[in-house]
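*Asks:* Once you've had a glance at the structure underneath, I'll fire off some questions.
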Amino acid sequence: MPRPRRFLPAGPLRGRVRVPGDKSISHRALMLSALAVGESRITGLLEGEDVLATAAAMRAMGAQVERSGEGVWRVHGVGVGGLLQPERALDMGNSGTSTRLLMGLIASHPITATFIGDASLSKRPMGRVIEPLSLMGADFTSSPGGTLPLMLRGASPAVPIEYCLPVASAQVKSAILLAGLNTAGITTVIEPVPTRDHSERMLSGFGAELTVEVDAAGIRTIRIRGEAELQPQTIVVPGDPSSAAFFIVAGLIVPGSELTIENVGLNPTRAGLIAVLRAMGGSIEEVNPREVGGEPVADLLVKHSALKGIAIDPAIAPSMIDEFPILFVAAALAQGRTVTSGLDELRVKESDRLSTMAAALIAAGARVTETEDGLVIDGTGGEPLEGGGPIATHLDHRIAMSMAVAGLASYHGVEVDDTRPIATSFPDFEALLDGLAG
Ligand code: S3P
(Lines give C-alpha, C1' and ligand atoms only; values in the text may rest on other atoms or scores of the structure.)
Protein backbone atom coordinates (compact mmCIF):
# COMPACT_ATOMS: atom_id res chain seq x y z
CA MET A 1 0.00 0.00 0.00
CA PRO A 2 1.31 3.48 -0.85
CA ARG A 3 2.19 5.64 2.14
CA PRO A 4 1.13 9.23 1.37
CA ARG A 5 2.17 12.19 3.51
CA ARG A 6 1.68 15.94 3.53
CA PHE A 7 4.91 17.82 4.30
CA LEU A 8 3.94 20.97 6.15
CA PRO A 9 5.55 24.41 6.16
CA ALA A 10 8.32 24.66 8.74
CA GLY A 11 10.04 27.34 10.73
CA PRO A 12 13.80 27.84 10.70
CA LEU A 13 15.84 24.63 10.42
CA ARG A 14 18.60 24.70 12.98
CA GLY A 15 21.08 22.27 14.40
CA ARG A 16 23.14 19.43 13.05
CA VAL A 17 22.31 16.47 10.85
CA ARG A 18 24.42 13.53 9.74
CA VAL A 19 23.47 11.96 6.42
CA PRO A 20 23.91 8.22 5.75
CA GLY A 21 26.70 6.56 3.80
CA ASP A 22 27.20 7.17 0.11
CA LYS A 23 25.05 4.87 -2.00
CA SER A 24 27.46 4.56 -4.92
CA ILE A 25 30.40 3.81 -2.65
CA SER A 26 28.36 1.36 -0.54
CA HIS A 27 27.44 -0.76 -3.59
CA ARG A 28 31.04 -0.86 -4.75
CA ALA A 29 32.36 -1.67 -1.27
CA LEU A 30 30.13 -4.75 -1.04
CA MET A 31 30.89 -5.94 -4.57
CA LEU A 32 34.67 -5.59 -4.35
CA SER A 33 34.79 -7.05 -0.83
CA ALA A 34 32.85 -10.05 -2.14
CA LEU A 35 35.52 -10.52 -4.83
CA ALA A 36 38.54 -10.18 -2.55
CA VAL A 37 40.15 -13.24 -1.00
CA GLY A 38 39.55 -12.97 2.75
CA GLU A 39 37.58 -10.73 5.06
CA SER A 40 36.87 -7.03 4.48
CA ARG A 41 35.25 -4.73 7.02
CA ILE A 42 32.99 -1.86 5.99
CA THR A 43 31.81 0.94 8.28
CA GLY A 44 29.32 3.66 7.43
CA LEU A 45 27.59 1.42 4.88
CA LEU A 46 24.26 2.81 3.66
CA GLU A 47 21.57 0.41 4.84
CA GLY A 48 19.03 1.46 2.23
CA GLU A 49 17.03 -1.01 0.16
CA ASP A 50 19.17 -0.53 -2.96
CA VAL A 51 22.38 -1.45 -1.15
CA LEU A 52 20.67 -4.35 0.63
CA ALA A 53 19.72 -5.69 -2.81
CA THR A 54 23.43 -5.71 -3.70
CA ALA A 55 24.27 -7.44 -0.40
CA ALA A 56 21.65 -10.14 -1.04
CA ALA A 57 22.95 -10.71 -4.57
CA MET A 58 26.56 -11.11 -3.39
CA ARG A 59 25.36 -13.60 -0.79
CA ALA A 60 23.38 -15.48 -3.44
CA MET A 61 26.63 -15.82 -5.41
CA GLY A 62 28.63 -17.29 -2.56
CA ALA A 63 30.09 -14.42 -0.51
CA GLN A 64 29.54 -14.27 3.25
CA VAL A 65 28.00 -10.89 3.94
CA GLU A 66 27.15 -10.12 7.57
CA ARG A 67 25.95 -7.07 9.45
CA SER A 68 27.71 -6.70 12.79
CA GLY A 69 26.37 -3.32 13.91
CA GLU A 70 24.82 -0.11 12.61
CA GLY A 71 26.48 0.45 9.24
CA VAL A 72 29.19 -2.09 10.14
CA TRP A 73 29.48 -5.08 7.83
CA ARG A 74 31.90 -7.96 7.35
CA VAL A 75 32.31 -9.57 3.96
CA HIS A 76 34.20 -12.76 3.28
CA GLY A 77 34.97 -12.75 -0.43
CA VAL A 78 35.15 -15.62 -2.91
CA GLY A 79 37.97 -14.22 -5.06
CA VAL A 80 37.76 -12.87 -8.63
CA GLY A 81 36.43 -15.70 -10.79
CA GLY A 82 34.87 -17.41 -7.77
CA LEU A 83 31.25 -16.23 -8.00
CA LEU A 84 28.77 -19.10 -7.83
CA GLN A 85 25.64 -19.63 -9.85
CA PRO A 86 22.70 -18.03 -7.96
CA GLU A 87 19.86 -20.47 -7.32
CA ARG A 88 17.09 -17.95 -7.81
CA ALA A 89 16.50 -14.75 -9.81
CA LEU A 90 18.40 -11.76 -8.43
CA ASP A 91 15.80 -9.25 -7.25
CA MET A 92 17.23 -5.79 -7.79
CA GLY A 93 14.18 -3.93 -6.44
CA ASN A 94 14.43 -0.29 -7.54
CA SER A 95 18.21 -0.26 -7.97
CA GLY A 96 19.71 0.55 -11.38
CA THR A 97 23.20 0.68 -9.90
CA SER A 98 22.97 -2.84 -8.46
CA THR A 99 21.64 -4.14 -11.75
CA ARG A 100 24.12 -2.59 -14.13
CA LEU A 101 27.21 -3.13 -11.97
CA LEU A 102 26.30 -6.75 -11.21
CA MET A 103 25.67 -7.40 -14.89
CA GLY A 104 29.28 -6.35 -15.38
CA LEU A 105 30.59 -8.63 -12.64
CA ILE A 106 28.65 -11.65 -13.86
CA ALA A 107 29.45 -11.02 -17.54
CA SER A 108 32.95 -12.48 -17.10
CA HIS A 109 32.02 -15.35 -14.79
CA PRO A 110 30.90 -18.78 -16.07
CA ILE A 111 27.44 -18.46 -14.52
CA THR A 112 23.90 -17.64 -15.61
CA ALA A 113 21.73 -15.17 -13.71
CA THR A 114 18.26 -13.73 -14.10
CA PHE A 115 17.62 -10.13 -13.03
CA ILE A 116 14.22 -8.88 -11.93
CA GLY A 117 13.11 -5.56 -10.47
CA ASP A 118 10.18 -3.33 -9.55
CA ALA A 119 7.94 -1.47 -12.02
CA SER A 120 10.31 1.52 -12.20
CA LEU A 121 13.48 -0.52 -12.75
CA SER A 122 11.72 -2.75 -15.29
CA LYS A 123 11.26 0.27 -17.57
CA ARG A 124 14.88 1.39 -17.51
CA PRO A 125 17.22 0.83 -20.46
CA MET A 126 19.82 -1.92 -20.03
CA GLY A 127 20.97 -1.82 -23.68
CA ARG A 128 23.73 0.57 -22.64
CA VAL A 129 25.43 -2.23 -20.66
CA ILE A 130 24.23 -5.14 -22.79
CA GLU A 131 26.11 -3.72 -25.79
CA PRO A 132 29.65 -3.55 -24.35
CA LEU A 133 29.25 -6.69 -22.23
CA SER A 134 28.10 -8.61 -25.34
CA LEU A 135 31.29 -7.47 -27.06
CA MET A 136 33.17 -9.09 -24.19
CA GLY A 137 31.35 -12.35 -24.92
CA ALA A 138 28.39 -12.34 -22.53
CA ASP A 139 25.02 -13.46 -23.82
CA PHE A 140 21.73 -11.72 -22.95
CA THR A 141 18.05 -12.48 -23.29
CA SER A 142 16.16 -9.37 -22.27
CA SER A 143 12.56 -8.19 -22.28
CA PRO A 144 11.49 -5.99 -25.21
CA GLY A 145 13.43 -2.74 -25.44
CA GLY A 146 16.42 -4.19 -23.54
CA THR A 147 14.73 -4.13 -20.13
CA LEU A 148 14.27 -6.45 -17.11
CA PRO A 149 13.44 -9.26 -16.59
CA LEU A 150 16.66 -10.28 -18.25
CA MET A 151 18.83 -13.40 -18.35
CA LEU A 152 22.61 -13.14 -18.59
CA ARG A 153 25.03 -15.94 -19.46
CA GLY A 154 28.54 -14.92 -18.52
CA ALA A 155 31.46 -15.49 -20.88
CA SER A 156 34.27 -17.87 -20.03
CA PRO A 157 36.77 -16.69 -20.97
CA ALA A 158 35.63 -13.12 -21.61
CA VAL A 159 37.56 -11.01 -24.11
CA PRO A 160 38.99 -7.60 -23.25
CA ILE A 161 37.58 -4.63 -25.20
CA GLU A 162 38.33 -0.99 -25.76
CA TYR A 163 35.06 0.89 -25.45
CA CYS A 164 34.25 4.59 -25.80
CA LEU A 165 31.19 5.51 -23.71
CA PRO A 166 28.35 6.82 -25.91
CA VAL A 167 26.53 8.21 -22.83
CA ALA A 168 28.09 9.86 -19.79
CA SER A 169 27.35 7.04 -17.35
CA ALA A 170 29.36 5.88 -14.35
CA GLN A 171 27.23 2.76 -14.27
CA VAL A 172 28.23 1.74 -17.79
CA LYS A 173 31.88 2.60 -17.12
CA SER A 174 31.83 0.59 -13.90
CA ALA A 175 30.08 -2.41 -15.47
CA ILE A 176 32.85 -2.72 -18.05
CA LEU A 177 35.66 -2.24 -15.50
CA LEU A 178 34.11 -4.85 -13.21
CA ALA A 179 33.79 -7.28 -16.13
CA GLY A 180 37.47 -6.54 -16.83
CA LEU A 181 38.45 -7.89 -13.40
CA ASN A 182 37.98 -11.50 -14.54
CA THR A 183 39.06 -10.95 -18.15
CA ALA A 184 42.65 -11.80 -19.07
CA GLY A 185 44.39 -8.78 -20.64
CA ILE A 186 43.67 -5.06 -20.62
CA THR A 187 40.11 -3.77 -20.70
CA THR A 188 39.91 -0.11 -21.70
CA VAL A 189 37.11 2.41 -21.18
CA ILE A 190 37.31 5.82 -22.83
CA GLU A 191 35.25 8.47 -21.11
CA PRO A 192 34.77 11.68 -23.11
CA VAL A 193 32.86 13.35 -20.24
CA PRO A 194 34.06 12.53 -16.71
CA THR A 195 31.57 10.82 -14.38
CA ARG A 196 31.87 9.75 -10.74
CA ASP A 197 35.14 7.92 -10.22
CA HIS A 198 34.40 5.80 -7.15
CA SER A 199 34.98 2.55 -9.05
CA GLU A 200 38.43 3.61 -10.19
CA ARG A 201 39.42 4.78 -6.69
CA MET A 202 38.13 1.66 -4.98
CA LEU A 203 39.48 -0.83 -7.53
CA SER A 204 42.94 0.69 -7.05
CA GLY A 205 42.44 0.59 -3.28
CA PHE A 206 41.73 -3.16 -3.46
CA GLY A 207 44.95 -3.66 -5.40
CA ALA A 208 43.71 -3.95 -9.00
CA GLU A 209 46.13 -2.77 -11.66
CA LEU A 210 44.25 0.26 -12.98
CA THR A 211 45.49 3.38 -14.70
CA VAL A 212 43.74 6.61 -15.64
CA GLU A 213 45.12 8.88 -18.33
CA VAL A 214 43.60 12.30 -19.00
CA ASP A 215 44.42 14.04 -22.29
CA ALA A 216 44.52 17.79 -22.98
CA ALA A 217 40.84 17.78 -23.96
CA GLY A 218 39.89 16.14 -20.64
CA ILE A 219 39.10 12.76 -22.20
CA ARG A 220 39.80 9.99 -19.69
CA THR A 221 41.20 6.60 -20.66
CA ILE A 222 40.86 3.98 -17.94
CA ARG A 223 42.66 0.66 -18.23
CA ILE A 224 42.30 -2.35 -15.97
CA ARG A 225 44.37 -5.53 -16.12
CA GLY A 226 42.74 -8.89 -15.54
CA GLU A 227 42.68 -11.36 -14.15
CA ALA A 228 42.99 -9.31 -11.01
CA GLU A 229 43.58 -10.40 -7.46
CA LEU A 230 41.86 -8.22 -4.87
CA GLN A 231 43.13 -7.83 -1.30
CA PRO A 232 40.56 -7.46 1.49
CA GLN A 233 40.24 -3.94 2.86
CA THR A 234 38.88 -1.87 5.71
CA ILE A 235 36.54 0.66 4.16
CA VAL A 236 35.00 3.77 5.70
CA VAL A 237 32.10 5.04 3.60
CA PRO A 238 31.69 8.84 3.65
CA GLY A 239 28.29 10.56 3.82
CA ASP A 240 26.31 10.78 0.59
CA PRO A 241 26.34 14.22 -1.08
CA SER A 242 23.18 13.24 -2.96
CA SER A 243 21.37 12.71 0.35
CA ALA A 244 22.94 15.84 1.88
CA ALA A 245 21.53 17.79 -1.09
CA PHE A 246 17.99 17.75 0.34
CA PHE A 247 19.13 19.33 3.61
CA ILE A 248 21.41 21.82 1.83
CA VAL A 249 18.49 23.14 -0.22
CA ALA A 250 16.10 23.01 2.76
CA GLY A 251 18.54 25.16 4.75
CA LEU A 252 18.88 27.64 1.89
CA ILE A 253 15.15 28.12 1.21
CA VAL A 254 13.56 28.04 4.69
CA PRO A 255 13.93 31.55 6.19
CA GLY A 256 16.07 31.83 9.31
CA SER A 257 17.71 28.44 8.85
CA GLU A 258 21.26 27.70 9.92
CA LEU A 259 22.22 24.09 9.60
CA THR A 260 25.36 21.97 9.80
CA ILE A 261 25.38 18.83 7.69
CA GLU A 262 28.14 16.51 8.87
CA ASN A 263 30.47 14.19 6.99
CA VAL A 264 29.50 15.08 3.40
CA GLY A 265 31.52 13.47 0.60
CA LEU A 266 32.90 16.16 -1.69
CA ASN A 267 34.47 14.15 -4.49
CA PRO A 268 34.73 16.68 -7.36
CA THR A 269 32.84 14.28 -9.66
CA ARG A 270 29.85 14.61 -7.29
CA ALA A 271 30.03 18.21 -6.09
CA GLY A 272 28.31 20.08 -8.96
CA LEU A 273 25.23 21.04 -6.94
CA ILE A 274 27.25 22.96 -4.37
CA ALA A 275 28.96 25.02 -7.09
CA VAL A 276 25.61 25.78 -8.76
CA LEU A 277 23.89 26.75 -5.49
CA ARG A 278 26.80 29.03 -4.60
CA ALA A 279 26.53 30.66 -8.05
CA MET A 280 22.84 31.25 -7.24
CA GLY A 281 23.89 33.07 -4.06
CA GLY A 282 23.66 30.19 -1.58
CA SER A 283 25.73 30.39 1.59
CA ILE A 284 27.44 27.00 1.96
CA GLU A 285 30.64 26.87 3.99
CA GLU A 286 32.96 23.87 4.17
CA VAL A 287 34.08 23.24 7.75
CA ASN A 288 36.78 20.81 8.87
CA PRO A 289 37.78 19.44 5.45
CA ARG A 290 39.39 15.98 5.72
CA GLU A 291 39.75 12.66 3.94
CA VAL A 292 37.53 9.64 4.69
CA GLY A 293 38.09 6.34 2.92
CA GLY A 294 40.18 7.99 0.20
CA GLU A 295 37.48 10.57 -0.56
CA PRO A 296 37.42 14.31 0.33
CA VAL A 297 34.85 15.09 3.05
CA ALA A 298 33.74 18.16 5.04
CA ASP A 299 30.92 19.39 7.27
CA LEU A 300 28.73 21.94 5.51
CA LEU A 301 27.38 25.04 7.25
CA VAL A 302 24.31 26.20 5.30
CA LYS A 303 22.46 29.47 5.96
CA HIS A 304 19.18 30.71 4.51
CA SER A 305 20.01 32.76 1.40
CA ALA A 306 18.25 34.87 -1.21
CA LEU A 307 18.81 32.74 -4.31
CA LYS A 308 18.98 34.09 -7.88
CA GLY A 309 18.00 32.14 -11.00
CA ILE A 310 20.79 31.24 -13.42
CA ALA A 311 21.45 29.41 -16.68
CA ILE A 312 23.15 26.13 -15.83
CA ASP A 313 25.94 24.93 -18.10
CA PRO A 314 25.07 21.37 -19.22
CA ALA A 315 28.76 20.45 -18.83
CA ILE A 316 28.31 20.37 -15.04
CA ALA A 317 25.39 17.89 -15.27
CA PRO A 318 27.33 14.62 -14.72
CA SER A 319 28.70 15.93 -11.40
CA MET A 320 25.17 16.59 -10.10
CA ILE A 321 23.11 14.15 -12.15
CA ASP A 322 21.01 12.95 -9.19
CA GLU A 323 20.59 16.44 -7.73
CA PHE A 324 18.45 18.08 -10.44
CA PRO A 325 15.11 17.32 -8.74
CA ILE A 326 16.15 19.20 -5.61
CA LEU A 327 17.92 21.92 -7.64
CA PHE A 328 14.59 22.51 -9.42
CA VAL A 329 13.00 23.11 -6.01
CA ALA A 330 15.70 25.67 -5.16
CA ALA A 331 15.09 27.35 -8.55
CA ALA A 332 11.34 27.52 -7.85
CA LEU A 333 12.10 29.67 -4.78
CA ALA A 334 14.81 31.83 -6.42
CA GLN A 335 14.50 35.33 -7.82
CA GLY A 336 14.23 35.23 -11.60
CA ARG A 337 14.61 32.50 -14.19
CA THR A 338 16.65 29.29 -14.04
CA VAL A 339 17.29 27.57 -17.35
CA THR A 340 18.56 23.98 -17.61
CA SER A 341 19.33 22.02 -20.78
CA GLY A 342 21.24 18.96 -21.95
CA LEU A 343 19.49 16.78 -19.38
CA ASP A 344 18.14 13.93 -21.57
CA GLU A 345 19.64 11.40 -19.13
CA LEU A 346 17.14 12.53 -16.48
CA ARG A 347 14.39 10.91 -18.54
CA VAL A 348 15.78 7.41 -17.83
CA LYS A 349 16.32 7.61 -14.06
CA GLU A 350 14.01 6.01 -11.47
CA SER A 351 11.33 8.13 -13.19
CA ASP A 352 11.41 10.62 -16.07
CA ARG A 353 12.69 13.32 -13.75
CA LEU A 354 12.02 16.18 -16.17
CA SER A 355 8.31 15.49 -16.65
CA THR A 356 7.79 14.21 -13.10
CA MET A 357 9.37 17.31 -11.53
CA ALA A 358 7.62 19.70 -13.95
CA ALA A 359 4.24 18.21 -13.02
CA ALA A 360 5.14 18.10 -9.31
CA LEU A 361 6.30 21.71 -9.08
CA ILE A 362 3.35 23.00 -11.11
CA ALA A 363 1.00 21.11 -8.76
CA ALA A 364 2.75 22.86 -5.84
CA GLY A 365 2.24 26.28 -7.43
CA ALA A 366 5.59 26.88 -9.19
CA ARG A 367 6.00 28.32 -12.69
CA VAL A 368 7.74 25.70 -14.82
CA THR A 369 8.07 24.98 -18.54
CA GLU A 370 9.35 21.60 -19.70
CA THR A 371 11.55 21.57 -22.80
CA GLU A 372 12.93 18.60 -24.71
CA ASP A 373 16.04 18.38 -22.53
CA GLY A 374 15.49 20.53 -19.48
CA LEU A 375 13.21 22.73 -17.39
CA VAL A 376 12.80 26.50 -17.38
CA ILE A 377 11.71 27.74 -13.95
CA ASP A 378 10.57 31.22 -12.94
CA GLY A 379 11.09 31.48 -9.22
CA THR A 380 8.99 33.19 -6.54
CA GLY A 381 11.83 35.36 -5.27
CA GLY A 382 11.69 33.73 -1.84
CA GLU A 383 7.89 33.85 -1.40
CA PRO A 384 6.66 30.38 -0.31
CA LEU A 385 4.98 28.18 -2.91
CA GLU A 386 1.22 27.81 -2.68
CA GLY A 387 1.52 24.05 -1.92
CA GLY A 388 -0.75 21.27 -3.07
CA GLY A 389 -0.66 17.71 -4.29
CA PRO A 390 -0.91 14.81 -4.16
CA ILE A 391 2.32 14.63 -6.12
CA ALA A 392 2.83 11.55 -8.31
CA THR A 393 6.33 10.34 -7.40
CA HIS A 394 6.40 7.31 -9.77
CA LEU A 395 8.44 5.12 -7.35
CA ASP A 396 11.22 7.72 -7.37
CA HIS A 397 12.83 8.39 -3.98
CA ARG A 398 14.43 11.64 -5.07
CA ILE A 399 11.13 13.10 -6.28
CA ALA A 400 9.53 12.26 -2.91
CA MET A 401 12.37 13.88 -0.92
CA SER A 402 12.54 16.93 -3.20
CA MET A 403 8.83 17.62 -2.87
CA ALA A 404 9.01 17.06 0.90
CA VAL A 405 11.53 19.91 1.00
CA ALA A 406 9.27 22.01 -1.26
CA GLY A 407 6.52 21.48 1.34
CA LEU A 408 8.65 23.15 4.02
CA ALA A 409 8.76 26.31 1.90
CA SER A 410 5.04 26.38 1.04
CA TYR A 411 1.92 28.00 2.51
CA HIS A 412 -0.26 24.91 2.72
CA GLY A 413 2.18 22.01 2.57
CA VAL A 414 2.85 19.54 -0.23
CA GLU A 415 1.33 16.08 -0.27
CA VAL A 416 3.47 13.29 -1.68
CA ASP A 417 1.54 10.24 -2.93
CA ASP A 418 3.99 7.64 -1.60
CA THR A 419 6.95 8.01 0.75
CA ARG A 420 7.97 4.33 0.72
CA PRO A 421 10.62 4.68 -2.05
CA ILE A 422 12.61 7.04 0.20
CA ALA A 423 13.89 3.88 1.95
CA THR A 424 15.83 2.88 -1.18
CA SER A 425 18.50 5.51 -0.47
CA PHE A 426 17.70 7.32 2.79
CA PRO A 427 15.61 5.36 5.33
CA ASP A 428 16.02 8.02 8.07
CA PHE A 429 15.16 11.01 5.88
CA GLU A 430 11.76 11.77 7.40
CA ALA A 431 12.94 11.32 10.99
CA LEU A 432 15.90 13.66 10.41
CA LEU A 433 13.74 16.25 8.67
CA ASP A 434 11.08 16.11 11.39
CA GLY A 435 13.81 16.44 14.03
CA LEU A 436 15.09 19.66 12.48
CA ALA A 437 11.74 21.20 11.68
CA GLY A 438 10.16 20.25 15.02
C1 S3P B 1 25.55 5.91 -10.23
C2 S3P B 1 25.64 6.55 -11.43
C3 S3P B 1 24.59 7.44 -11.96
C4 S3P B 1 23.61 7.87 -10.87
C5 S3P B 1 23.20 6.72 -10.00
C6 S3P B 1 24.40 6.09 -9.32
C7 S3P B 1 26.64 5.01 -9.81
O8 S3P B 1 23.88 6.76 -12.98
O9 S3P B 1 22.46 8.46 -11.45
O10 S3P B 1 22.29 7.17 -9.00
O11 S3P B 1 26.70 4.63 -8.62
O12 S3P B 1 27.49 4.68 -10.66
P13 S3P B 1 24.35 6.78 -14.52
O14 S3P B 1 25.63 6.09 -14.59
O15 S3P B 1 23.27 6.05 -15.24
O16 S3P B 1 24.40 8.24 -14.87
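The values are calculated or read from the model by the stated rules, or taken from the named source; none is laboratory data. If you're wondering where the values come from, they're calculated on a predicted model, not measured in any experiment. In this analysis, Cβ positions are derived from the backbone assuming ideal geometry, glycine residues included, and neighbour counts consider all displayed protein chains.
*Asks:* Answer yes or no as to whether Val19 is closer than 30 Å to Gly413 by Cα, among the aliphatic types (A, V, I, L, M) and buried (at least 19 other Cβ atoms within 10 Å of the Cβ).
*Replies:* Working: closer than 30 Å to Gly413 by Cα: yes; among the aliphatic types (A, V, I, L, M): yes; buried (at least 19 other Cβ atoms within 10 Å of the Cβ): yes.
Judged against the criteria, Val19 is a match.
*Asks:* Another question, if that's okay. For Ser199, state whether it is of a type in the set (Ser, Thr, Tyr), in contact with a His (Cβ under 9 Å, 6 or more places away or on another chain) and crowded, with 19+ Cβ neighbours inside 10 Å. Give the steps one after another, and end with the answer.
*Replies:* Numbers: of a type in the set (Ser, Thr, Tyr): yes; in contact with a His (Cβ under 9 Å, 6 or more places away or on another chain): no; crowded, with 19+ Cβ neighbours inside 10 Å: yes.
No: the conditions fail for Ser199.
*Asks:* Condition first: surrounded by 23 or more Cβ atoms within 10 Å (Cβ to Cβ) and within 20 Å of Met202 (Cα to Cα). Can you find one or more residues in the range 268-276 that meet it?
*Replies:* The answer is yes; a qualifying residue exists.
Here is a yes/no grid of residues against (1) in contact (Cβ under 8 Å) with a residue 40 or more places away in the chain; (2) among the aliphatic types (A, V, I, L, M):
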residue: Gly218; (1), (2): no, no
residue: Arg223; (1), (2): no, no
residue: Glu229; (1), (2): yes, no
residue: Val237; (1), (2): yes, yes
residue: Asp240; (1), (2): yes, no
residue: Ala244; (1), (2): yes, yes
residue: Ile253; (1), (2): yes, yes
residue: Glu258; (1), (2): yes, no
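*Asks:* Let me confirm something: among Ile186, Ile176, Ile190, Ile222, which residue is away from the ligand (no atom under 16 Å from the Cβ) and at pLDDT 95 or above? Lay out the reasoning, then the answer.
*Replies:* Numbers: Ile176 fails: away from the ligand (no atom under 16 Å from the Cβ); Ile190 fails: away from the ligand (no atom under 16 Å from the Cβ); Ile222 fails: away from the ligand (no atom under 16 Å from the Cβ).
None of the others qualify; the one that does is Ile186.
*Asks:* Please specify each residue of the range 153-162 satisfying the condition of being crowded, with 19+ Cβ neighbours inside 10 Å and not small (Gly, Ala, Ser). Steps first, please.
*Replies:* If we filter the range 153-162 for residues that are crowded, with 19+ Cβ neighbours inside 10 Å, which is where we start, we get 154-155, 158, 160-161.
Hits for the range 153-162 are Pro160, Ile161.
*Asks:* Restricting to the range 31-74, name every residue that is without any contact (Cβ under 8 Å) to a residue 60 or more places away in the chain, assigned to a strand (DSSP E or B) and not polar (S, T, N, Q).
*Replies:* Filtering the range 31-74 down to residues without any contact (Cβ under 8 Å) to a residue 60 or more places away in the chain leaves 34, 51-70, 72-74.
Add one more test, that the residue is assigned to a strand (DSSP E or B), and what stays is 64-69, 72-74.
Result: Val65, Glu66, Arg67, Gly69, Val72, Trp73, Arg74.
*Asks:* I need every pair where a residue in the range 126-137 that is in the same structural domain as Thr114 (by TED's automatic domain parsing) has its Cβ under 7 Å from the Cβ of a residue that is of a type outside the set (A, V, I, L, M, F, W, C) and in a loop (DSSP other than H, G, I, E, B), sequence separation at least 6 or different chains.
*Replies:* From residues that are in the same structural domain as Thr114 (by TED's automatic domain parsing), the pairs are Met126/Gly146; Gly127/Gly146; Arg128/Ser169; Ile130/Gly146; Met136/Ser108; Met136/Thr183.
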